[in-house]
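Everything below concerns the one structure shown next.
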Amino acid sequence: MIDSTTISAAANTQLQAPGPYQNWRVRVDAESILWVDCDCAEKSTNALGEAVIAELDDILAWAESVSLAGLVIGSAKTASFILGADITEFDAYNSADTVAEKIREGHRVFSRLENLDCPTAATVHGYCLGGGLELALCCDWILAMNVDATRFGFPEVKLGIFPGLGGTTRITERLGGAAGLELALTARTLRAPAARKLGIVDELVDEFGSLQWYARRAVLTGRRTRGPSRSASLTNTSPVRRVLGRVMARKTAAKANPDHYPAPFEMINLWVEHRDNRRRMFDGEATGVGRLMVSDTARHLRRLFFLTERIKGLGGSGTPPVRRVHVVGAGVMGGDIAAWCVLQGMEVTLQDREMKYIESALKRARSLFKKRLKRQQAVANAMNRLLPDLEGVGVPRADVIIEAIVENADAKRELYSVLEPRMREDAVLATNTSALPLEELARDLLDPARLIGLHFFNPVAKMPLVEVVHTNETAQERIDRGCAFASAINRFPLPVRSSPGFLVNRVLAPYLMEAVTLLLEGVDKDIVDAAAIRWGMPMGPVELADTVGLDVCRHVAQTLVTGDVDSQAALLDKHIASNELGKKTGKGFYTWEKGRANRKSVDADNPYADQLAERLLKPFLAECRAASADGIVADDDLLDAGIVFGTGFAPFRGGPMHYLAGIGASSD
């Protein structure tokens with residue numbers, strides 16, 4: 001798009017901007033500042049695809065050919081800066097060499113921005129992630145809107161790769177090796193003040209209308225980032241890198257098996273080996289990410305990313321907002337559901353038979369609020385939104401009413417007979433039952449179509465899935481509102497047809513009982529759990545049983561597992577009789593201290609580990625097949641999403657049905 005006319009315009013007082021472009025808005029103001037705003041065509045958010053980068057290359061070539069007072073890069077989208085690379089393009093690449101070449105082309109374009117003769121600045125509002133942050137790091141000065149919606153981060157390791165468009169190189173230069181790598185290894189996102197404190201952001205702006213004014217001032221005065229402190233810079237030196245590299249690798253290995261998730265370890269190794277040579281860092285990014293991007297792990301993780309986007313979309317829009325929630329049952333699940341809803345900004349009334357039960361829930365809630373909200377005033381405000389309600393006065397005002405009492409159908413039906421006449425006609429009535437069929441629970445309601453299940457998982461504050469359970473008679477509007485509510489409290493909604501155990505518990509029950517069978521056969525619990533973890537599960541089944549509660553496992557097994565389970569039930573009963581219920585009582589199969597199971601270290605290369613894992617997973621996978629055949633969820637993709645987010649099924653395998661399709665009949 002560059003021609004002699006636009007280049008010769010440099011001689012004019014008012015430069016004429018290049019373009020027009022499909023994905024960028026470009027203008028030059030009277031002070032010769034070039035304003036470049038990303039505006040990806042026909043998309044609500046910005047992502048760096050090949051066409052977007054190619055147009056940026058053309059813009060920067062023009063910028064090199066004229067005399068500019070400065071360049072400011074920003075976004076024309078109201079909600080975000082740039083979310084990262086265009087992930088939809090990744091699956092088109094089958095060759096590591098092709099990917100590496102594409103990355104090198106991106107390096108060349110980004111280096112053009114970094115090496116411009118004029119001062120440069122990035123103006124960030126909304127999400128600035130992955131490739132968007134890599135682009136911003138090429139600028140001399142980064143400004144950010146000081147609002148909650150502004151976030152910075154590198155999510156690449158969640159996709160099986162690491163920052164490859166210069167991000168690994170530039171973030172360790174800007175922050176030092178320790179802080180830079182920690183940001184990329186954890187994939188956490190930072191709000192603007194935290195990013196400013198860390199050194200990513202140079203200047204915070206409180207008013208959107210002032211963002212361009214401050215950017216103009218930054219380029220006209222030639223402001224440049226200060227870079228890392230002396231102590232942070234020392235972390236990039238060779239002797240320190242080798243020590244820190246070992247520490248980082250060890251900490252990362254405690255959370256991710258390098259055989260399953262190689263990307264973070266390759267990033268650490270690249271930094272350790274080549275941080276003192278910028279050219280080799282860039283080359284290592286290209287070759288490393290190129291190799292990782294075409295791996296099965298990365299392909300499977302990308303699949304889960306798209307499933308995540310799909311399941312988020314099930315929350316829909318257009319449903320009435322939820323401001324007030326009433327929870328009946330202040331036990332572990334009910335109390336924690338109430339606390340989580342409060343954290344999302346809702347007012348919650350919490351009902352139980354006696355105040356002592358509610359007081360216990362309030363104590364747990366305060367602990368959660370302190371951990372999440374930090375500031376004393378914010379904790380106090382949250383506690384003010386969590387209201388004890390022995391008499392149920394919050395029922396008539398509530399938008400959503402969640403029943404979380406004992407797993408007894410008669411008790412639940414009796415409660416509904418009291419609640420239903422007092423509820424608003426448009427209010428959602430939901431049960432948190434983990435296994436009881438909705439048809440059985442709804443049979444005495446005046447309007448059976450209004451009852452849905454909102455099945456949360458323990459611990460509520462960590463498990464991202466909520467099963468939205470329905471029958472064939474459930475009104476679609478109620479299902480939609482249940483999904484919208486789950487999304488409103490930052491949880492993934494999964495519509496599930498009512499049947500014993502729904503989806504997640506149905507699949508987990510035979511898996512947990514197989515683990516109990518192994519214990520009865522004399523296999524050490526630590527070996528059983530180590531085998532499952534080595535296979536890729538986030539937690540072993542014995543520890544999981546303790547976490548769920550052995551009393552709950554006993555009930556679920558009785559309800560869901562077919563065949564002879566008398567011996568397994570007898571072992572569970574023995575623990576239950578001694579009040580050894582697992583994590584909640586401090587002892588189950590394991591002894592628990594400070595919320596953690598006292599597990600022994602087990603040789604990860606135990607020759608029987610693969611056989612044990614195959615035996616454990618066989619009933620798990622068989623039940624996934626059966627649930628698919630029964631149509632418990634709409635399709636196998638949603639089944640995969642539900643099992644990954646509800647059980648932690650090895651994400652790098654892409655979900656159980658996807659995994660079964662890959663191995664074929666060999667798992668039968």
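Nothing in this text is a laboratory measurement; each read-out follows from the coordinates by a stated rule. Being a predicted model, the structure only gives us computed values, none of them experimental. Quick reminder, even Gly has a Cβ in these numbers, built from the backbone with ideal geometry, and neighbours come from all protein chains shown.
Just the number, please: percent antiparallel of the DSSP beta bridges in the range 324-500, rounded to the nearest 5.
Values: 3 of 28 bridges.
Bridges in the range 324-500 that DSSP calls antiparallel: roughly 10 percent.
Please go through the range 272-319 and write out the GluC sites (Glu not before Pro) that DSSP classes as loop and that have at most 11 other C-beta atoms within 10 Å.
Values: sites: GLU273, GLU285, GLU309; in loops: none.
Of the GluC sites (Glu not before Pro), not one in the loops of the range 272-319 has a Cβ with at most 11 other Cβ atoms within 10 Å.
Report the relative contact order of the range 324-500, percent, no decimals, based on alpha-carbon pairs under 8 angstrom and at least 6 residues apart. Please list the in-between numbers first.
Details: 343 pairs, mean separation 35.2, N = 177.
Once divided by the residue count of the range 324-500, the mean separation gives 20 percent.
Could you work out [θ]222 nm for the chain from helices alone, using -39500 (n - 2.57) per DSSP H run of at least four and dividing by all its residues? Round to the nearest 500 deg cm²/dmol.
Details: 27 runs with 318 residues, N = 668.
Here the helix-only value at 222 nm equals -14500 deg cm²/dmol.
What is the spin-label model distance, in nm, from HIS555 to ARG191 if the labels are put 7 Å beyond Cα along the C-beta direction?
Simple spin-label model gives 3.8 nm for this pair.
Run through the DSSP bridge list for the chain and note the antiparallel percent, rounded to the nearest 5. Write out the running numbers ahead of the final one.
Details: 15 of 62 bridges.
Counting DSSP beta bridges with both partners in the chain, the antiparallel share is about 25 percent.
Assuming 0.36 nm per residue, please report the length gained on full extension of the stretch ASN269 to ASP630 beyond their Cα-Cα distance. Walk me through the numbers before you get to the answer.
Values: separation 361, 0.36 × 361 = 129.96 nm, distance 4.71 nm.
Full extension from ASN269 to ASP630 adds 125.2 nm.
If each residue of separation counts as 0.36 nm, what is the full-extension length gain between GLN476 and ASP426 once their alpha-carbon separation is subtracted? Please list the in-between numbers first.
On the way: separation 50, 0.36 × 50 = 18.00 nm, distance 1.32 nm.
Once the chain is fully extended between GLN476 and ASP426, it gains 16.7 nm.
What pairs in LYS412/LYS583; LYS312/LYS600; LYS102/LYS197; LYS312/LYS587 have C-alpha atoms more than 30 Å from each other?
On the way: LYS412/LYS583 26 Å; LYS312/LYS600 38 Å; LYS102/LYS197 34 Å; LYS312/LYS587 37 Å.
In this structure, LYS312/LYS600; LYS102/LYS197; LYS312/LYS587 lie more than 30 Å apart at Cα.
Using a simple charge model, +1 on the beta-carbon of Lys and Arg, -1 on the beta-carbon of Asp and Glu, nothing else, what dipole does the range 505-631 show about its Cα centre, in debye to the nearest 20?
Values: 15 positive and 19 negative charges, 87 e Å.
That gives a dipole near 420 debye.
Which of the DSSP-defined H helices in the chain satisfy a minimum axial length of 20 Å, computed from C-alpha atoms, and a minimum mean Kyte-Doolittle hydropathy of 0.5?
On the way: long enough: 50-65 (23 Å, 0.55); 96-114 (26 Å, -0.71); 238-253 (22 Å, -0.22); 278-293 (22 Å, -0.66); 296-313 (26 Å, -0.59); 355-373 (26 Å, -0.59); 504-520 (24 Å, 1.29); 609-629 (30 Å, 0.10).
Within the chain the helices that satisfy the rule are 50-65, 504-520.
Count charges around ILE405 for me, please; just the other residues with Cβ under 14 Å from its Cβ, Lys/Arg as +1, Asp/Glu as -1.
Numbers: positive: ARG353, LYS412, ARG413; negative: ASP352, GLU354, GLU403, GLU407, ASP410, GLU414.
Charge balance near ILE405 sits at -3.
Please work out the FRET efficiency for the pair VAL393 and ARG278, using the Cβ-Cβ distance as r and a Förster radius of 56 Å; give the result to the nearest 0.05.
Values: r = 66 Å, r/R0 = 1.17.
Working from the Cβ atoms, E equals 0.30.
Please list, by residue number, everything in the range 613-644 whose backbone N is under 18 Å from a paramagnetic label point 7 Å out along Cα→Cβ of ARG299.
Residues passing the 18 Å test: 637.
Using amide H atoms built in the peptide plane, which far-off residues or other-chain residues are under 5 Å from GLY549 H to H?
For GLY549, the qualifying residues are LYS583.
Say R0 is 51 Å: what FRET efficiency, to the nearest 0.05, do ARG27 and ASN408 get from their beta-carbon distance? Numbers along the way, then the final one.
Numbers: r = 68 Å, r/R0 = 1.33.
The value I calculate is 0.15.
Over the chain, what is the relative contact order in percent, taking alpha-carbon pairs closer than 8 angstrom and at least six residues apart?
Values: 1247 pairs, mean separation 58.7, N = 668.
Worked out over the chain, it gives 9 percent.
If you split all Cα-Cα distances of the range 370-435 into 5 Å bins from zero, what percentages do you get per bin, shortest first?
3, 14, 20, 18, 15, 13, 9, 6, 1
Please name which of ALA61, SER229, CYS38 has its Cα lying farthest along the dipole of the range 4-294 towards the positive end, using unit charges on Cβ (Lys, Arg +1; Asp, Glu -1) and the Cα centre as origin.
Positive-end residue among those listed: SER229.
Expressed in nm to one decimal, what extension gain is obtained for the pair ARG364 and TYR608 from 0.36 nm per residue of sequence separation less their Cα-Cα distance?
Numbers: separation 244, 0.36 × 244 = 87.84 nm, distance 4.09 nm.
This chain segment gains 83.8 nm when fully extended.
Taking amide H positions as placed 1.01 Å from N in the peptide plane, with prolines and chain starts having none, which residues 5 or more places from ALA17, or on another chain, fall under 5 Å of its amide H?
VAL28
Got a sec? Charge dipole of the chain, +1 on Cβ for Lys and Arg, -1 for Asp and Glu; which of ALA149, GLY84, LEU159 is way out at the positive end?
ALA149
Estimate the FRET efficiency between GLU593 and ASP564 by the formula 1/(1 + (r/R0)^6), using the beta-carbon distance for r and 45 Å for R0, to the nearest 0.05. Please report the intermediate quantities before stating the final value.
Numbers: r = 35 Å, r/R0 = 0.79.
It comes out at approximately 0.80.
Could you derive backbone 3J(HN,Hα) for the range 145-160 from the dihedral phi with the Karplus parameters 6.51, -1.76 and 1.60 (θ = phi - 60°), listing whole Hz in sequence and x where the residue is Gly or Pro?
Taking θ as phi minus 60°, the curve returns 5, 8, 10, 4, 6, 7, 9, 10, x, 10, x, 4, 5, 5, 9, x Hz for the range 145-160.
Please report the spacing between the Cα centers of the range 343-360 and the range 609-668 in Å, no decimals.
37
Kindly provide the trypsin sites (Lys or Arg not before Pro) of the range 191-247 that DSSP labels as loop, not H, G, I, E or B, and whose Cβ sees at most 14 other Cβ atoms within 10 Å. If you can, show how the numbers build up before the last one.
Details: sites: ARG191, ARG196, LYS197, ARG216, ARG217, ARG223, ARG224, ARG226, ARG230, ARG241, ARG242, ARG246; in loops: ARG223, ARG224, ARG226.
Here the sparse-neighbourhood loop sites are ARG224, ARG226.
Under 1.5 on a/c is rounded, so check that first for the range 505-631, then, if it is not, pick prolate when a/b is larger than b/c and oblate when it is not; a ≥ b ≥ c are the square roots of the alpha carbon gyration tensor eigenvalues. Before the final figure, lay out each step's value.
On the way: a/c = 1.66, a/b = 1.08, b/c = 1.54.
Taking the square roots of the gyration eigenvalues as a ≥ b ≥ c, the range 505-631 is oblate.
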